[in-house]
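Participant: Provided herewith is a single structure, encoded as structure tokens, for subsequent inquiry.
All of the numbers you see were taken from the coordinates with simple rules; none came from a lab. Note that the structure is a prediction, hence the values are computed from the model and not measured. Here Cβ is always computed from backbone atoms with ideal geometry, including for glycine, and neighbour counts include all displayed protein chains.
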Amino acid sequence: MNAQRSVELRLLGKDGWQLAGNVTIPPNHQVPKLGQVVEVRYLYAFPESGSLYQPTYLGLRSDITVDECMRSQLKFKPTEAEEE
């Protein structure tokens, strides 16, 4: 966490835990503790970095474990070749 009420997001990938960017925690939510599972809405992820574009924090998740937070679940931005 930092002074702007944002937290770092990480997802489990083939090489272990990988950075997926940061998300701001709105004032009406408590800042999650390290290792807690959170729900984040986003437009897409960048294929090169796995970072989320326009992430929005929705809250804590208690119905899934950290091992279920997989990078493979991300929806990635289509490449220019895929858009044609």
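Participant: Obtain the nm distance between the two label points defined at residue 71 and residue 15 by a simple spin-label model: each point lies 7 Å from its Cα along the Cα-to-C-beta direction.
Facilitator: For residue 71 paired with residue 15, the spin-label model returns 0.7 nm.
Participant: Just one of (i) 6.2; (ii) 8.0; (iii) 7.1 is mean projected area of the Cα convex hull in nm² as worked out from the coordinates here. Which one is it?
Facilitator: Read-out taken from this structure: (i).
Participant: Do any trypsin sites (Lys or Arg not before Pro) in the stretch 1-52 lie in a DSSP loop with no more than 13 other beta carbon atoms within 10 Å, and if so, which?
Facilitator: Working: sites: 5, 10, 14, 33, 41; in loops: 5, 14, 33.
Counting only loop positions with at most 13 other Cβ atoms within 10 Å, the trypsin sites (Lys or Arg not before Pro) in the stretch 1-52 are 14, 33.
Participant: Something else: Please work out how much length the chain gains when fully extended from residue 79 to residue 6, using 0.36 nm per residue of separation minus the C-alpha to C-alpha distance, in nm with one decimal. Before the final figure, lay out the partial values.
Facilitator: On the way: separation 73, 0.36 × 73 = 26.28 nm, distance 2.88 nm.
Contour length minus Cα-Cα distance gives 23.4 nm.
Participant: Summing Lys, Arg as +1 and Asp, Glu as -1, what charge do residues with Cβ under 13 Å from the Cβ of residue 23 carry, residue 23 excluded?
Facilitator: +1
Participant: While we're looking at this one, here's another question. Note down the magnitude of the dipole of the chain about its Cα centre, charges +1 on Lys and Arg C-beta and -1 on Asp and Glu C-beta and zero elsewhere, to the nearest 20 debye. Let's see the in-between values first.
Facilitator: Details: 9 positive and 11 negative charges, 92 e Å.
I would put it at about 440 debye.
Participant: Along the charge dipole of the chain, Cβ charges K/R +1 and D/E -1, which of 26, 49, 64 sits furthest on the positive end?
Facilitator: Looking along the dipole axis, the top candidate is 26.
Participant: Mean residue ellipticity at 222 nm from the helices of the chain, using -39,500 (n - 2.57) per DSSP H segment of n ≥ 4 over the full residue count, to the nearest 500 deg cm²/dmol? Walk me through the numbers before you get to the answer.
Facilitator: On the way: 1 runs with 4 residues, N = 84.
That calculation yields -500 deg cm²/dmol at 222 nm.
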